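The values are calculated or read from the model by the stated rules, or taken from the named source; none is laboratory data. Here the structure is a predicted model, which is why all the values come from computation and not from measurement. Cβ sites come from the backbone with ideal geometry, for glycine too, and all protein chains shown count toward neighbours. With ligands, DNA and RNA removed, areas are computed over all heavy atoms of the protein, side chains included. Shrake-Rupley method; radii C 1.70, N 1.55, O 1.52, S 1.80 Å.
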Amino acid sequence: MLQGLSIFHNTGLAIFSWRSDDDALKNSPNTLIDTFLIEGHTGPSFTFAKSDKNSSTTHLRYDAEHALVFVADFAYGTPLERSLELMETVYNECKTKIVDQLARTQEKHSDTCVSIASRLSGWRPLVDQLQTPPPTYLHHQPTCQLVEGEYDVKARASDEADDFPSLSESKSRYTDRGFAVRVNSAATEKKSFQKFDRSPAKFAHMQHKRNDKQLGECSGDPAASLNGNGSWLARFSRTTSFQNFTGRRSLRDDDLTNVLAHLKAAMLQKNVASSSADLICNMTRATLLGSTISATETMQSALRNAVRRSLRRILMPVEEIDLISRISAARAIKKPYVIVFIGVNGVGKSTSLSKVANWLLANNVSVLVSACDTFRAGAVEQLRTHCQRLEVPLYERGYQKDPAVIAQEAVMQAKRQGLDVVLIDTAGRMQDNEPLMRALSKLIDINSPDLVLFVGEALVGNEAVDQLEKFNAALQDFDRKGRKRLIDAILISKFDTIDDKIGAALSMVHASGAPILFVGCGQTYQDLRVPNVENLIESLLS
Ligand SMILES: Nc1nc2c(ncn2[C@@H]2O[C@H](COP(=O)(O)OP(=O)(O)OP(=O)(O)O)[C@@H](O)[C@H]2O)c(=O)[nH]1
Ligand SMILES: [Mg+2]
């Protein structure tokens, strides 16, 4: 996605400048141009790509013939091929227009630039055309402050005092641990890998009855509010007398029956697991019950706020996982930081591991990969290919040895070589396969990794809850030292395949109490994002 575009003459005069927000083009293009010109690149046109350490990748293209410099900023995570292709389009379109203007004008040089600038101010269509934003809930935030705004850590602490059924009902660990992911920015503009085998990508009007006393009596069919325009909430409000509820008395249980049925249907439609949808409904009921809708507040906004609050309570636990800081701390005591990737078969563990390796490399973190899937034929070779492409070392011992021992040896090797992180790939296993779950628990038990990262598919529905609960149970039950080892964080893969059915994110956090650390959204090494929880919430409300 294009974030900013500037065109300069090599005299330094800006001919055209546009940016999508104040943060774009943070690195002064002049600095780039100075460097560029001082370095004396006077040869033919070429492109220079620079990974901005903040939030974007800058491409600079110099047209020596016309002494023009094109600077384009692309959103962090835009695949290299895509940004090069966009840069080429920008360059070709703009150059033709500018050169045409230059040829026609008789004005002095500096005036020419000003004149061109004014004439080019109507270039937004080109810019709009080049802006193809990714889904907002995947928007990468380089320094991802998830605990902020209306719901901060303090607010959360006071929220805990509320008598919400969710917190007692759920075995989630919200009260003693939570998350706010703060991941330092890094451009993962490394090499792209060849495409993997791509699985298929995609994956009543009702009579308006005025009744401002008994919302529960409204004849709303939950399924009906899921079709049509606008958010489910807006549609629900249009098709029932819900909106007409006035604040003469506080809300009762029977007022909410109908609306909560619609809320549940909407959550299921978004692929939220049934038990998680029930939790949202219970939390929302607890918020609304006994409340009075003020004259200035609409019922719709009251409900929206209550649902939003419930979603935040689930998706925003308290504790931060600042991976880079944790790795730095481990580095300070000369200990490799160990991450184990676990999950059921084929969810994308090895692919995600490679993406994380790429992300770490871009953060100047050295990596050793350990091939501990000694079960599935071809698993070691698959990982070897990734490692060769990423140019990271691989510790492998074929298919004979115990994976727990291979992991142990890999950690020792990383320590000897002074490497920062060991990424351990494990074999996929179904959550009910006891022998395999026992073996996984042994690996974790022996190696005490710093982070147990559960990889789950975005496509999964109710199954998400079962997977996480049983993996967590196995880690505890089979732990020989009786420790309470649990999944520490979640990586959701294949987010690119689900449109707006993002409910698995909610279900997984609800089922485990662990934060979503990353989201995989494609089949290149760069397709790794830090989720934006606020946008996830808005998508669930839409
Ligand atoms: N579209 C899409 N495909 C993905 C993503 N992540 C992984 N895949 C694909 O999912 C398939 C399985 O990926 P693997 O990494 O081999 O999965 P795994 O969990 O290691 O599989 P096992 O080792 O057999 O358990 C491959 O075809 C990947 O390309 C993603 O984020 N988006
Ligand atoms: Mg694998």
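Some observations on this one:
- Pair E319, E88: separation of 7 Å Cα→Cβ label points (nm): 4.8 nm
- Q417-Q476 FRET efficiency (beta carbon distance; Förster radius 41 Å; 0.05 resolution): 0.80
- As a calculated quantity, the FRET efficiency between I446 and S275 at R0 = 41 Å, using C-beta atoms, amounts to about 0.80.
- Under 19 Å from the S231 label point (7 Å along Cα→beta-carbon), backbone N, the stretch 306-342: 306-316
- Here the accessible area is traced with a 1.4 Å probe on the protein chains. For the stretch 489-539, carbon and sulfur cover 49 percent of it.
- Legend: residue pairs K401/K470; K355/K494; K442/K484, Cα-Cα distance threshold 18 Å; pairs beyond threshold, K401/K470.
- Binned Cα-Cα distances of the stretch 329-467, short to long, each 10 Å bin given as a whole percent: 12, 45, 33, 9, 0
- For the stretch 431-513, trypsin sites (Lys or Arg not before Pro) meeting the loop criterion (DSSP other than H, G, I, E, B) and having at most 14 other Cβ atoms within 10 Å: R480, K481, R483, K484.
- At most 11 other Cβ within 10 Å, DSSP loop - trypsin sites (Lys or Arg not before Pro), the stretch 333-397: K334
- The label point for R252 and the one for Q388, both projected 7 Å from the Cα toward the Cβ, are 7.3 nm apart.
- Computed lengthening from E409 to A377, 0.36 nm per intervening residue step minus Cα-Cα distance: 9.4 nm
- Between D402 and S328, residue separation times 0.36 nm minus the direct Cα-Cα distance comes to 23.6 nm.
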